[in-house]
Amino acid sequence: MRDPKATAAPPATLPEDVVLEILARVPGVADLFRCAAACKRWRALVADRPFLRRRWPEGARHPSSLLGFFGQEWYREDAPAPQPDFVRAPRSVLGPGRPFLRSFVPGAAGLFDRAVPLASSRGLLLVRYVPRGVAPSPSVDHLAVCNLLSGACDVLPPLHCGWFYNYSDTSGYAVLTGADCCSTGHPPSPSSAFFKVLIIGLNQDGMRYDLRTFSSGEQSWSLPTKCFNPIEHNIFGPIMQRGAVVRGGTAHWLLWDLVNFHALCVHVATGDVSLHMLPAPRPQDLVRCQYDKPRLCVAADGTTLSSLCLFRDDLTVEIWAWRDDDGDDDGGRGHWRRDRLVELRRPKQKQIEGPFCMCVGERSGTMLVRADGRCIYMADLETGILEEVTDQFCGLGGWKTAFPVEIDWPAFFVHRLGGKSVL
């Protein structure tokens, strides 16, 4: 028997490289975060940039980044649209019954129970909400920016919509981070909490799109400035993708001229506007209902603007990439090039009729597809695997399109654990 008077030997300390190998093999995101909260040593190791980039390689797609979806465009015209509920993605880090905004933005508890997402970029989520005790008004819009990385929430000054024609149905939205604005030469705030919101909409006579902006730290919205004259370009159709995708400090919206689709690109720093006609689908393909309408997105590397189009007849996704000329990254000069074709693999013994794309998850590389009027599928754009998720996504019943919510886990860990640098 051990002598009770003997001094106990100190516990052996594992070498740092061994601990890193163990942490790198922790399977779940939530489990890794719990490990980081166990002690200061593990916290520092997990929040270190090389470790996070090893776990989530830069430029690669990460299925775990997909948290879930909101319904966005109401499909049933015979009934009023309800407030969209958040629907968890399969294998989402969020547990069943966990409220989405309260999990990442504690300050949103109660205030944003009826929030509607409008746009997102790099962990920022622009939402519309109805203040407690205030009746909804078509002349005033209440917006807020929720930072899923830091947990902060900024309520914006009320936006008076009298400047715009039919504001609620014709406007487009974008939210940019400080990193987005830095890439443009725009003077950024020294704080990582800097953000900028852009809204485009038809002016009162319906003859041009005006732009209004709001930057964090300011007291009010900017006055409307001329953005784009659709009449000059023979564009009489609506904005088809109202939440802009952001690349290199440029916001990109999808427009339709009733024949062809176009990417409307607005450079934040300079205000320069450019228009790029999408190569697919062709007008004759739309008439024959062979193609679904395209979707703009930014590839997982964050630098490539892409156009995705679902070919209905044989369930393939055609992906085109925008290539800048002469290294120019402002979206002004360049050309479209066909990048790849993804063949979606149907579940066994399953016929899929009338498929169309509900949304695309950029970071996770997924496409949400509705078919047969009621069935919902998730498509892996890397492998082509098509998984039916109708039962799990019953909360999206009645919604024609959806809004994906994704998160950059390396940036989330740095913000929440106090890493050495923002990724």
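The values are calculated or read from the model by the stated rules, or taken from the named source; none is laboratory data. For clarity, every value in this text was computed on a predicted model and none was experimentally measured. All Cβ positions, even for glycine, are placed from backbone atoms using ideal geometry, and neighbour counts span all protein chains on display. We work out accessible area using only protein heavy atoms, side chains counted, and drop any ligands, DNA or RNA first. Shrake-Rupley method; radii C 1.70, N 1.55, O 1.52, S 1.80 Å.
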query: If you take just the helices (runs of 4 or more DSSP H) that sit entirely in the range 1-72, which of them hold at least 1 residues that are modelled with pLDDT of 90 or more and within 30 Å of residue 83 (Cα to Cα)?
result: 29-36
message: Considering only residues that are surrounded by fewer than 18 Cβ atoms within 10 Å (Cβ to Cβ) and in a loop (DSSP other than H, G, I, E, B), which ones fall in the range 130-148?
response: 130, 131, 132, 133, 134, 135, 136, 137, 138, 139
statement: Reported set for the range 149-166 where residues are part of a helix (DSSP H, G or I) and either at pLDDT below 80 or open to solvent by 50 Å² or more (accessible area, probe 1.4 Å) (or both) is 162, 163
- line: Conditions (1) out of contact with any Asp or Glu (no Cβ under 8 Å at 6 or more places or on another chain); (2) surrounded by 20 or more Cβ atoms within 10 Å (Cβ to Cβ); (3) at pLDDT below 90 -> residue 260 fails only (2)
message: Give all pairs with beta carbons closer than 8 Å in which a residue from the range 307-335 that is β-branched (Val, Ile, Thr) meets a residue that is modelled with pLDDT of 75 or more and surrounded by fewer than 16 Cβ atoms within 10 Å (Cβ to Cβ); count only pairs at least 6 apart in sequence or on separate chains.
response: 316/341; 316/343; 317/341; 319/338; 319/340; 319/341
query: Any idea which of 227, 181 is open to solvent by less than 30 Å² (accessible area, probe 1.4 Å) and in a strand (DSSP E or B)?
result: 227
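Each row is one residue, and each column tells you yes or no for (1) farther than 21 Å from residue 125 by Cα; (2) not hydrophobic (A, V, I, L, M, F, W, C).
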site: 43; (1), (2): yes, yes
site: 49; (1), (2): yes, yes
site: 64; (1), (2): no, yes
site: 74; (1), (2): no, no
site: 89; (1), (2): no, no
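Considering only the range 388-403, how many residues are open to solvent by 60 Å² or more (accessible area, probe 1.4 Å) and out of contact with any Cys (no Cβ under 9 Å at 6 or more places or on another chain)? Don't jump to the end; show me each part of the working.
So in the range 388-403, the residues open to solvent by 60 Å² or more (accessible area, probe 1.4 Å) come out as 388, 391-392, 394, 400.
Going one step further and asking which of them are out of contact with any Cys (no Cβ under 9 Å at 6 or more places or on another chain), we end up with 391-392, 394, 400.
Residues flagged as open to solvent by 60 Å² or more (accessible area, probe 1.4 Å) and out of contact with any Cys (no Cβ under 9 Å at 6 or more places or on another chain) within the range 388-403 amount to 4.
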query: residue 221 fails exactly one of the following numbered conditions: (1) touching a strand residue (DSSP E or B) at 6+ places or on another chain (Cβ under 7 Å); (2) modelled with pLDDT of 85 or more; (3) in a loop (DSSP other than H, G, I, E, B); (4) open to solvent by 40 Å² or more (accessible area, probe 1.4 Å). What is the number of that condition?
result: (4)
Whichever residue in the range 351-395 is in contact with a Phe, Trp or Tyr (Cβ under 9 Å, 6 or more places away or on another chain) and charged (D, E, K, R) and, among such residues, is nearest to residue 56 (Cα to Cα): 387
message: Go through the range 365-423 and report how many residues are β-branched (Val, Ile, Thr), in contact with a Gly (Cβ under 9 Å, 6 or more places away or on another chain) and under 15 Å from residue 65 (Cα atoms).
response: 2
